[in-house]
Amino acid sequence: MDKSIYKFVGVGIINTIVGTIVMFGSYNIIGLSYWISSALNYIIGSIFSYFLNKHYTFKNKDRDSKSIPRFIINIITCYVIAYGFAKPAVRLLFIKVSNKAGENIALFFGLVLFTGLNYFGQRFFVFKK
């Protein structure tokens, strides 16, 4: 582990605060679906994350034409794995909770799983040295 993880966590904290407000607000206040609410979180957060992690966390000098496609692939892969796994896993583990509560738990679980997968994807695939 090097100091990039601490920088990534710092950037992630900001992303997580903004994205979580967007995600849970979209789902619980606006009434958007599980998938749209979680996707909005990552669309907004990913734009911010790309620039901060490229320049601050990983100090990557690659041209955007090289790193942006890898970043998009990484984000989509992490999203599909994290949220695709979270919803059925929570349904199995929390059988007795309401659908709304279960989806809120799944949104949180997906967020945690996404963060871990995303760090390794950005470090070793998107901004690898």
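The values are calculated or read from the model by the stated rules, or taken from the named source; none is laboratory data. Predicted model only: the values in this text are computed from it and were never measured. Neighbour counts run over all protein chains shown; Cβ positions are idealised from the backbone, glycine included.
Numbers at a glance
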| item | result |
| --- | --- |
| Residue count for the range 2-54, restricted to those that are surrounded by 13 or more Cβ atoms within 10 Å (Cβ to Cβ) and more than 15 Å from the chain's Cα centre (by Cα) | 9 |
| Matching residues, the range 65-122, being among the polar types (S, T, N, Q), under 20 Å from Ser33 (Cα atoms) and either crowded, with 16+ Cβ neighbours inside 10 Å or touching a residue at least 60 places away in the same chain (Cβ under 8 Å) (or both) | Asn104 |
| Failed criterion for His55 (all others in (1) at pLDDT below 95; (2) touching a Ser or Thr at 6+ places or on another chain (Cβ under 9 Å) hold) | (2) |
| Residues within the range 1-31 that are on the phi > 0 side of the Ramachandran plot and part of a helix (DSSP H, G or I), tallied | 0 |
